[in-house]
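Participant: The structure is given below, and queries will be raised subsequently.
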Amino acid sequence: KKNLIVFGTRPEAIKMAPLVKAFQENDKDFVTRVCITAQHREMLDQVLTFFEIIPDYDLDLMKPNQDLYGLTADIVSGMKSVLEDFQPDYVYVHGDTTTTMAASLASFYSGAKVCHVEAGLRTHNKWAPFPEEINRSITGRITDYHFAPTTTSKKNLLKENIVEENIIVTGNTVIDALRFSVKKVSSIDFYDSEIDILKQSINSDKVILVTGHRRENHGQGFIDICNALKEIAIIYPEAQIIYPVHLNPNVQKPVYKLLNNISNIKLIEPLGYPAFVWLMDKSYLIITDSGGVQEEAPSLGKPVLVMRETTERPEAVKAGTVKLVGTDKTKIVSEAKALFENEELYHKMSELHNPYGDGKAVERIVKFIKELPHGK
Ligand code: UDP
């Protein structure tokens, strides 16, 4: 049997890496190849290097000023030649990107079975996040086997009339990746220059780690976020805000304009995944609009303020380790203040409990695929 694992962005690469490794390193029953669309280029390549993954197909689709129309068309047509060349039985896509949606559609055209990892996340609002909610909903409609991270995501799929036997609750593979990474980063012969630089530049035990990139926050959202961060930096001069700024110009412009030259705000390039994991672990508080970071942080016992109005990841909000704050300046500042002033709240939000997984998601996915009756 032949597996094709497809991804295009940094978070997809992180979350698919443990699946690639499990199939390629331990499984002789499957020939497993990797196809990257390179919807992100640089940030994706760093992850591949860390996980020692060499793609078999590289569509190399990233272009300046690319819009969703062109990207979608390029992925569908680029996938055609890969699918015709390799003729996979199973194609694995991940999450909610344009790569996910377009690659699953192309795979459906080819007759391959589509396997969706991180299936069933929904906000039930087609514009939030845009275009991710529609990407994952369309992918769910096309998918044959749905690997849902939690029972909440399984329930979302059941409501969309997906057959129950094709939904497998696995936990999120991001925890598998995090475990692998924490182990690798802390081994004695591991060296990472970014970690070295971070060690020298951290001068506070109250590090606030910030990341943000969501399209829905572009424009006024990022301006409000920056103003909130500025205020937090003034109120707490002993804190140090470290902000790896996403490469998207819609993020870079407001952030560098509004937050440059503030002594306790450090704007840096996006970090490689190992350094980012290291820094999450050293942080006091994380402020982000990222999906993956929300899932990782509870495993490291870090409270998270999420700069979104809605979330497709309600589990940690319910568990109390994550709080939705939107992009409202007053709300971001007051919730950050609460975490600085209220020790009890801080302890409650930093409890070590992760509703997103136990690090065995990949094991469950591989087992399910291996146990499928021949020809399914
Ligand atoms: N991440 C990283 N370097 C950074 C910021 C994030 O390696 O500078 C990792 C992070 O650990 C997580 C993933 O990238 O696994 C999240 O990516 P992003 O926030 O871009 O996407 P999302 O999860 O929101 O789809």
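What follows draws every value from the coordinates through simple rules; no lab data is involved. In this text the structure is predicted, and so the values were computed from the model without any measurement. No Cβ is skipped: glycine too gets one built from the backbone with ideal geometry, and neighbour counts run over all protein chains shown.
Participant: What Kirkwood Rh does region 192-349 have if only Cα atoms enter the pairwise 1/r average? Answer in Å. Please report the intermediate quantities before stating the final value.
Facilitator: On the way: mean 1/r = 0.0645 Å⁻¹.
Result for region 192-349, one decimal place: 15.5 Å.
Participant: Across region 146-245, how many lysine pairs, 8 or more positions apart or on different chains, have C-alpha atoms separated by under 25 Å? Please give the number. Spell out each step's value before the answer.
Facilitator: Values: K183/K199; K183/K206; K184/K199; K199/K230; K206/K230.
Number of lysine pairs found: 5.
Participant: Moving on to the next point. Long-range amide H contacts for K266: which residues qualify at under 5 Å (H placed 1.01 Å from N, peptide plane, sequence gap of 5 or more or a different chain)?
Facilitator: HN-HN under 5 Å from K266: I241, I242, Y243.
Participant: What do you get for the angle between helix 173-185 and the principal long axis of the chain? Use alpha-carbon atoms, 0 to 90 degrees, nearest ten.
Facilitator: Between helix and principal axis, roughly 60 degrees.
Participant: A further question on this structure: Can you tell me the 0 to 90 degree angle between the C-alpha axis of helix 361-370 and the longest principal axis of the chain, rounded to 10?
Facilitator: Helix 361-370 and the main axis of the chain meet at about 10 degrees.
Participant: Now, a different point. Exposure proxy check: R308, R215 ranked by fewest other beta carbons within 10 Å? Could you put the intermediate results ahead of the total?
Facilitator: On the way: R308 24, R215 17.
Result, fewest neighbours first: R215, R308.
Participant: Between T49 and H374, what is 0.36 nm times their sequence separation minus the Cα-Cα distance? Round to one decimal in nm.
Facilitator: Values: separation 325, 0.36 × 325 = 117.00 nm, distance 3.47 nm.
Extra length from T49 to H374 when fully extended: 113.5 nm.
Participant: Tell me the GluC sites (Glu not before Pro) within region 122-169 that lie in a loop according to DSSP and have at most 14 other beta-carbon atoms within 10 Å. If you can, show how the numbers build up before the last one.
Facilitator: Numbers: sites: E132, E133, E160, E164, E165; in loops: E160.
Counting only loop positions with at most 14 other Cβ atoms within 10 Å, the GluC sites (Glu not before Pro) in region 122-169 are E160.
Participant: Find, among the chymotrypsin sites (Phe, Trp or Tyr not before Pro) in region 70-159, those assigned to loop by DSSP (not H, G, I, E, B) with at most 15 other beta-carbon atoms within 10 angstrom. Before the final figure, lay out each step's value.
Facilitator: Numbers: sites: F86, Y90, Y92, F108, Y109, W127, Y145, F147; in loops: W127.
Those satisfying the criteria are W127.
Participant: Still on this structure, I have one more. Quick check: the angle from helix 249-259's long axis to the longest principal axis of the chain, C-alpha only, nearest 10 degrees?
Facilitator: Rounded to the nearest ten degrees, it is 10.
Participant: For the pair K337 and I262, what calculated FRET efficiency results from E = 1/(1 + (r/R0)^6), where r is the Cβ-Cβ distance and R0 = 25 Å, to the nearest 0.05? The partial results should precede the final answer.
Facilitator: On the way: r = 18 Å, r/R0 = 0.71.
Once the sixth-power term is evaluated, E becomes 0.90.
Participant: Among all the lysines, which ones have a C-alpha under 23 Å from K2's C-alpha, if same-chain residues fewer than 8 places away are not counted?
Facilitator: The qualifying lysines are K15, K21, K28, K80, K113, K360, K367, K370, K376.
Participant: Then there is this: Would you mind telling me which residue in K318, K266, K329 has the biggest mean-square fluctuation in a Gaussian network model of the chain, where springs connect alpha carbons within a distance under 10 angstrom?
Facilitator: Checking each option, the largest mean-square fluctuation is seen for K318.
Participant: Please identify every one of the trypsin sites (Lys or Arg not before Pro) in region 1-58 that sits in a loop by DSSP and has no more than 11 other beta carbons within 10 Å of its own beta carbon. List each step's numbers first, then the result.
Facilitator: Details: sites: K1, K2, K15, K21, K28, R33, R41; in loops: K1, K28, R41.
Passing sites in region 1-58 are K28.
Participant: If neighbour count is taken as other Cβ atoms inside 10 Å, put T330, T310 in order from fewest to most. Before the final figure, lay out the partial values.
Facilitator: Values: T330 11, T310 17.
With the sparsest Cβ surroundings first, the list reads T330, T310.
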